[in-house]
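The values are calculated or read from the model by the stated rules, or taken from the named source; none is laboratory data. This structure is a prediction, so every number in the text was calculated from the model and none was measured. In this analysis, Cβ positions are derived from the backbone assuming ideal geometry, glycine residues included, and neighbour counts consider all displayed protein chains. When the accessible area is computed, the model is the full protein with side chains, heavy atoms only, and any ligands, DNA or RNA have been set aside. Shrake-Rupley method; radii C 1.70, N 1.55, O 1.52, S 1.80 Å.
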Amino acid sequence: MARRKSPRIPDALLDQLLAGGDAREALDPGGLLAELKKALAERVLNAEMEHHLAGEGGEGNSRNGYGRKTVTTESGKLTLEIPRDRQGSFDPQLIAKYQHRFPGFDDKIISMYARGMSAREIVGHLGELYGVEVSPDLISTVTDAVLDEIAAWQNRPLEAVYPVVFFDALRVKIRDEGLVRNKAMHIALGVRADGGKEILGLWLEQNEGAKFWLRVMNELRGRGVEDLLLAVVDGLKGFPEAILAVFPEEQVQTCIVHLLRQSLAFVPYKDRKAVAAALKAIYQAVDAAAAEAALASFEAGPWGQKYPAIGQSWRRAWTEVIPFYAFSVEIRRFLYTTNAIEALNAKLRRAVRSRGHFPTDEAALKLLFLVLNRAEKEWTMPPREWAMAKAQFAVLFGERFTRAMV
């Protein structure tokens, strides 16, 4: 299909608009571009008034001059002539009554906030680049509107069945009662039967445990989840007991990707590639017995002797690692190659590092929700490993999986 071209303004019209002026000044605040935006906005407002008077709002009604309103745009402030009617029933859609920011301006603020900029950084950015003066309170007001969106998102209905759900926690620093405390932001990333990924929820908790996870599991069930086939976690306290209390057929598996990353954290950069290659023999073993033999071989080998903490970390988690080897090669490959939760955490960690700490729980929720929202928009295709994994899920879980395909 041919790519659709954007509308092109004729050169003759552009020459007429510039009328011999300095083309460089056209983009300055108050320059030609601002004048065009003002003229176009007022043209739209007048068209809206004509439509209003021609419709139900026009009976016994007529124009009544203009009122002035100054609105903030991403390129500066504009003073617009807003048409009025005698009955006072005209409420324009472009710039509604009591609205003082041009459409799209709030989206720009939210986009900058989602990229990790603080309220004061956004104020400085708008002032330096666009000459727009706004207060930090305005930034907070605009971003606070996201809280209602978070509440609706957190309570939205979910799918009945998720073949795989990754559960993980990210530590964030939040000011609480005059002290900066470490709190855990818990994330659930679900994989649907079609391979598409979806963030199921976001929960902030200072202390995790069985009671907390039981509340999360009951919340998921209350939002329509009837079955989870495989939960992939990494050392979440109280999680196995809580999930099995609500979803008794669920299989819980330690995240191999997390274990690999923890292992490489003990290794300097120059040795990481070689150590990672040596660890493949463990997680690519045909079964649990072969994997344990490979782990013992690694521990006795040069890398295991040089970095003994790696073998110790695998031994500590071994009981939760073993279920991995009961899965087919296709499912194993999907679990350790898609790296879904780690890629997501990388984006979240970058945003958190840029802030240092958050003034409130709500500030942390706003930022992380916006980062997750942007990440979800990038997920357009299922992982390439999913096609084979899906066939294996159908064999292993039977009707429990095929229900998700309906």
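Given the conditions (1) assigned to a loop (DSSP other than H, G, I, E, B); (2) modelled with pLDDT of 75 or more; (3) on the phi < 0 side of the Ramachandran plot, and given that E133 satisfies all but one, which numbered condition is not satisfied? It fails just one condition, (2).
Residue pairs whose Cβ atoms lie under 6 Å apart, sitting 6 or more positions apart in sequence or on different chains, and linking a residue in the stretch 254-277 that is closer than 26 Å to V165 by Cβ and free of Cβ contacts under 8 Å to residues at least 60 places away in the same chain to a partner that is surrounded by fewer than 19 Cβ atoms within 10 Å (Cβ to Cβ) and not charged (D, E, K, R), are Q262/S313.
Would you confirm, using the coordinates I've provided, whether T254 is within 30 Å of A404 (Cα to Cα), β-branched (V, I, T) and open to solvent by 60 Å² or more (accessible area, probe 1.4 Å)?
Working: within 30 Å of A404 (Cα to Cα): yes; β-branched (V, I, T): yes; open to solvent by 60 Å² or more (accessible area, probe 1.4 Å): no.
No: the conditions fail for T254.
For the stretch 262-292, filtered to residues that are open to solvent by 40 Å² or more (accessible area, probe 1.4 Å) and of a type in the set (S, T, N, Q), the residue that is farthest from the chain's Cα centre (by Cα) is Q284. With respect to (1) of a type in the set (D, E, K, R); (2) in contact (Cβ under 8 Å) with a residue 24 or more places away in the chain; (3) open to solvent by 20 Å² or more (accessible area, probe 1.4 Å), the lone exception for R315 is condition (2).
Looking across the stretch 143-167 at every residue that is under 18 Å from the mean Cα position of the chain (by Cα) and open to solvent by less than 10 Å² (accessible area, probe 1.4 Å), the one that is nearest to F358 (Cα to Cα) is identified as T143.
Considering only the stretch 163-210, how many residues are in contact with a Pro (Cβ under 9 Å, 6 or more places away or on another chain) and either assigned to a strand (DSSP E or B) or of a type in the set (S, T, N, Q) (or both)? Of the residues in that region, 5 qualify. Of the numbered criteria (1) under 22 Å from the mean Cα position of the chain (by Cα); (2) surrounded by 15 or more Cβ atoms within 10 Å (Cβ to Cβ), the one L214 fails is (1). A single entry from L295, L230, L220, L259 fulfils the requirement of being within 15 Å of Y336 (Cα to Cα), open to solvent by less than 70 Å² (accessible area, probe 1.4 Å), of a type in the set (A, V, I, L, M, F, W, C) and assigned to a helix (DSSP H, G or I): L259.
Give me the residue from the stretch 95-129 that is farther than 24 Å from F358 by Cα, part of a helix (DSSP H, G or I) and open to solvent by 80 Å² or more (accessible area, probe 1.4 Å) and, out of that set, modelled with the highest pLDDT. Among those residues, the one meeting the criterion is E128. For the stretch 328-348, a tally of residues being farther than 30 Å from Y113 by Cβ and either open to solvent by 10 Å² or more (accessible area, probe 1.4 Å) or in contact with a Pro (Cβ under 6 Å, 6 or more places away or on another chain) (or both) returns 8.
Would you point out which residue out of A351, A404, A363 is on the phi < 0 side of the Ramachandran plot, modelled with pLDDT under 80, within 16 Å of the chain's Cα centre (by Cα) and crowded, with 17+ Cβ neighbours inside 10 Å?
Values: A404 fails: within 16 Å of the chain's Cα centre (by Cα); A363 fails: modelled with pLDDT under 80.
Matching residue, one of A351, A404, A363: A351.
A count restricted to the stretch 233-251 and to residues that are closer than 16 Å to F393 by Cβ and open to solvent by 30 Å² or more (accessible area, probe 1.4 Å) stands at 2.
Yes/no per residue for (1) over 15 Å from R349 (Cα atoms); (2) under 13 Å from the mean Cα position of the chain (by Cα); (3) surrounded by 20 or more Cβ atoms within 10 Å (Cβ to Cβ):
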| residue | (1), (2), (3) |
| --- | --- |
| R171 | no, no, no |
| D176 | yes, no, no |
| R181 | yes, no, no |
| I187 | no, yes, yes |
| G196 | yes, no, no |
| I199 | yes, yes, no |
| W203 | yes, no, no |
| A210 | yes, no, no |
